[in-house]
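The values are calculated or read from the model by the stated rules, or taken from the named source; none is laboratory data. This is a predicted model, so every value here is computed, not measured. Cβ coordinates were reconstructed from backbone atoms using ideal geometry, including for glycine residues, and neighbour counts include every protein chain displayed. The accessibility values were calculated without ligands, DNA or RNA, using every heavy atom of the protein model including side chains. Shrake-Rupley method; radii C 1.70, N 1.55, O 1.52, S 1.80 Å.
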Amino acid sequence: MAAGKQDQQQRPAEVDTVFDAVIVGAGFAGMYMLHRLRGLGFTARVYEAGGGVGGTWYWNRYPGARCDVESMQYSFSFSEELDQQWDWSEKYAPQPEILAYANHVADRFDLRQHIRFDTRVTAASFDEAAKGWRIETDRGDKVFAKFCIMAIGCLSAANHPPFKGREDFKGPVYHTGEWPHEGVDFTGLRVGIIGTGSSAIQSIPIIAQQASALTVFQRTATYSVPAWNAKLTPEYRRSIKADYPALRAKARARPTGFYFPFNMKPALEASPEERERQYEEAWERGGLPFLGAFGDLLFEKEANDTIAEFARNKIRGIVKDPATAELLCPSNVFGCKRLCVDTGYFETYNLPHVKLVDVSRTPIERFTSKGIEVDGTEYQFDAIVSATGFAAMTGSFDKISITGRNGQTLAEKWRAGPRAYLGVATVGFPNLFTITGPGSPSVLASMIQAIEQHVDWMADCIAHIRDIGAATIEPIEQYQDEWVEHVNEVSKISLRSTCSSWYVGANIPGRPRVFMPYIGGFPIYVQKCNEVMSNGFEGFVIDGADPRNEAPRVRLTERWRVPLDIDVISPAAVAARRVPVV
Ligand code: N01
């Protein structure tokens, strides 16, 4: 029996419509989830707060926004036809092209008719009697679904620091993650920008080309590696497309979920000359793979010091004013915060109208009607850009009132830090799935790969629940505790756990310090998910299955039967702390 028919019989009171599944968010995660569920014969509705598909690529329209995983890999891999038909124009695709791709996917797979745009889900509560979710939106929808899938992104809830006098500033303030769709022309304007993370580093060089004066407020200096972005030639695209599945398979077997060459040798076993040569070569290739120059860079502080000093020397070599160069030189662990990839970022500080203001010791005091005040000095602007990032990983959950069994809210449950089994589901919230949720590789893997793996696992799981005629699936506390503990333990092998980044929630005062993404490597995680499924959803309670059903076939989407790239990610390599993670 189709789950839709089953639900129709159990339709609870005061709902307009019943679906098998409601999906929150129409980014890459929500779109693919919708595609999979429809393919399995489920009824599904997607609610999307924005006016179109694309999620992060719909909102982040700031100048210079582009991906930092190579385009030929930063794309869906589930459809060989899609892979063959779509042509990326640049090594790192710009935001408009990624958004065009998202729109193409929505059209090609006929998704739009199932998506309600400009509609924000405000509440989701589990109905014990009806064994499903009541969902409400800001447009008054009240619907019921057996399954609720959160596809709300890891970096979607903008961080607006509570600067004093914020309302006093007379000019516009733009957050990079909520950029006006019509674009912003900064020509001839005096612009101030707060922050030096990835969004700032991508936008600063472009804004500097337009602005008459640009002032950057830096709290923490950032490491950045050149992208060496370039147009892709038809020959290059053809060479990848000649065996795209092979590239995809290689990518899935990598700790990062995307493929790039890296060197397993520890930096500390190389001579200073060899290290220098290796770093130069990796710098010339550019981008995130720079971290793959040696195998121990994120595990041994002494090794990390060598790459950090190399990167600082690059900054000193580029930035002409020695005082500015020193201010731009980070002192923390290289790659501890998410590594940035830029085009002409440090060079921008050589322009006479670009100025750097250090706010590490003397924070931004307040906004005034004319600008920003720091340490008693008022900097005057026509416009301010807030590149202050996101309430990462859990911020978008905080925006929805999510209530599980016994009236417990997710916000309460996660107050001391998020707890989810495999990052996909949480005790007390049956039939609620979290795509790229905390405790899964998510932001430490190529996001689209991470999304596809989660969606396939969840779709297979939901189909299994239907096959056996069950009502609910929910993790068991002990398994969830063990997983959360494992995520925490594994994080300690990496130097990444040592600094105050958004990975640990430390970019926003008052958030609990917990290492949220799973850092053990993408294929190891995939293998764990496969085992859980093959063992009949070990660690989950499945309730209400019809005992007359025969033992069901446990599904497992074929392409996730991934052999580990044993050279790179063998248990011995993990034990020796040589699993390069980007
Ligand atoms: O945000 P961030 P982002 N006063 O949190 C500063 C992805 N992404 O939007 O470091 C002064 O990195 C803050 O300072 P500090 C990528 O995963 C990818 O740039 O906390 N400054 C920091 O400098 C990335 O990591 C791409 O001391 C304040 C900045 O604001 C993630 O999104 C492009 C402040 C915030 O940096 C987030 O990047 C863009 C305050 N009160 C983003 N509060 C690609 O390339 C914050 N800051 C694909």
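Some points to look at:
- Calculated over region 300-426: convex hull of Cα atoms, volume per residue (Å³): 202
- The chain - Cys residues lacking any other Cys C-beta under 4.7 Å: Cys67, Cys148, Cys154, Cys329, Cys340, Cys461, Cys529
- When the charge dipole of region 1-135 is built from unit charges on Cβ atoms (+1 for Lys and Arg, -1 for Asp and Glu) and taken about the Cα centre, the candidate among Ala93, Tyr32, Ile115 whose Cα reaches farthest toward its positive end is Ile115.
- Among beta bridges that DSSP assigns inside region 104-226, antiparallel share in %, nearest 5: 65
- The 3J(HN,Hα) values that the Karplus relation (6.51, -1.76, 1.60; θ = phi - 60°) gives for region 166-176 are, in residue order, 3, 7, 6, 5, 7, x, x, 10, 10, 8, 4 Hz. Gly and Pro appear as x.
- q = 0.06, 0.07 Å⁻¹: log10 I(q)/I(0) that the Debye formula gives for the chain, counting C-alpha atoms only: -0.31, -0.42
- Ranking Val427, Ser446, Ala145 by Cα position along the charge dipole of the chain, where only Lys, Arg, Asp and Glu carry charges on their C-beta atoms, puts Ala145 farthest toward the positive end.
- For trypsin sites (Lys or Arg not before Pro), the sites in region 123-180 that DSSP calls loop and that have at most 14 other Cβ atoms within 10 Å are Arg139, Lys164, Lys170.
- Tail beyond 25 Å, pair distance distribution of region 143-260 (Cα, percent): 52
- When the trypsin sites (Lys or Arg not before Pro) in region 409-471 are filtered for DSSP coil states and for at most 11 other beta-carbon atoms within 10 Å of their beta-carbon, the remaining sites are Arg415.
- Residue-span extension gain [Val541 to Ser79] - 0.36 nm each, minus C-alpha spacing: 163.0 nm
- Overall form of region 121-178 per C-alpha gyration tensor (a/c, 1.5; a/b vs b/c): prolate
- Binned Cα-Cα distance frequencies in region 218-273 - 5 Å width, integer %: 4, 12, 11, 16, 20, 14, 12, 9, 2, 0
- Probe 1.4 Å, all protein chains present, accessible-area order of Thr472, Thr557, largest first: Thr557, Thr472
- Kirkwood hydrodynamic radius over Cα pairs of region 254-332, then Stokes diffusion coefficient at 25 °C and 0.890 mPa s, in µm²/s: 184
- In this structure, Lys142 and Asp305 have a Cβ-Cβ separation that, at R0 = 56 Å, corresponds to a calculated FRET efficiency of about 0.45.
- log₁₀ of I(q)/I(0) at q = 0.20, 0.21, 0.29 Å⁻¹ - region 488-533, Debye sum with one point per alpha carbon: -0.68, -0.72, -1.00
- Cβ-Cβ FRET estimate between Ala246 and Glu489, R0 fixed at 30 Å, reported to 0.05: 0.30
- Built amide H within the under 5 Å cut-off of Asp342, gap 5+: Val225, Ala227
- Ligands, DNA and RNA are left out, and with a 1.4 angstrom probe the accessible area of region 308-362 is 45 Å² per residue.
- The modelled label-to-label distance for the pair Trp228/Leu556, using points 7 Å beyond Cα in the direction of Cβ, is 4.0 nm.
- Listed residue pairs exceeding 31 Å between alpha carbons, taken from Lys314/Lys528; Lys146/Lys528; Lys146/Lys337: Lys314/Lys528; Lys146/Lys337
- Between Lys320 and Arg285, the contour length at 0.36 nm per residue exceeds the Cα-Cα span by 10.2 nm.
- Region 210-286 and region 302-339 have Cα centres lying 17 Å from one another.
- Antiparallel bridges, percent of DSSP beta bridges restricted to the chain (to nearest 5): 40
- Cβ charges +1 (Lys, Arg) and -1 (Asp, Glu), total dipole of the chain, debye: 360
- Set of aspartates and glutamates near Lys250 by C-alpha distance (under 16 Å), chain-local residues within fewer than 8 positions excluded: Glu70, Glu80, Asp83, Glu452, Glu558, Asp565, Asp567
- Three-way shape call for region 346-395 based on the alpha-carbon gyration tensor, with the a/c threshold at 1.5: oblate
- Amide H partners (placed H, <5 Å) of Asp127, local residues excluded: Gly132, Trp133, Arg134
- Pairwise Cα distances in region 74-170 exceed 20 Å in 62 percent of cases.
- Glu90 long-range amide H proximity, modeled H, under 5 Å: Leu232
- When the Cα positions of Ala267, Ile524, Val173 are compared along the charge dipole of the chain, Val173 comes out farthest toward the positive end, with charges on each C-beta of Lys, Arg, Asp and Glu.
- Modelled label positions at Gln478 and Gln380, each set 7 Å beyond Cα in the direction of Cβ, lie 7.0 nm from each other.
- Cα-based reach from Lys370 at 20 Å (exclusive), listing lysines while leaving out same-chain residues under 8 positions away: Lys164, Lys170, Lys355
- Net length gained if the chain between His353 and Ala506 were fully extended (0.36 nm per residue, minus Cα distance): 51.8 nm
- Cβ-Cβ distance of Asn549 and Lys528, R₀ of 25 Å, FRET efficiency by 1/(1 + (r/R0)^6): the value works out to about 0.40.
- In nm, spacing of pseudo-spin labels at Glu178 and Asn263 (7 Å Cα→C-beta vector): 4.5
- Expressed to the nearest 5 percent, the antiparallel share of DSSP beta bridges inside region 311-470 is 90 percent.
- Once the mean of 1/r is taken over each pair of separate Cα atoms and inverted, region 1-135 shows a Kirkwood hydrodynamic radius of 16.4 Å.
- Relative intensity, log₁₀ I(q)/I(0), of region 152-208 from a Debye sum that treats every alpha carbon as a point, q = 0.19, 0.23, 0.26, 0.27 Å⁻¹: -0.87, -1.24, -1.45, -1.50
- Prolate/oblate/rounded label for region 454-493 (Cα gyration tensor, a/c 1.5): oblate
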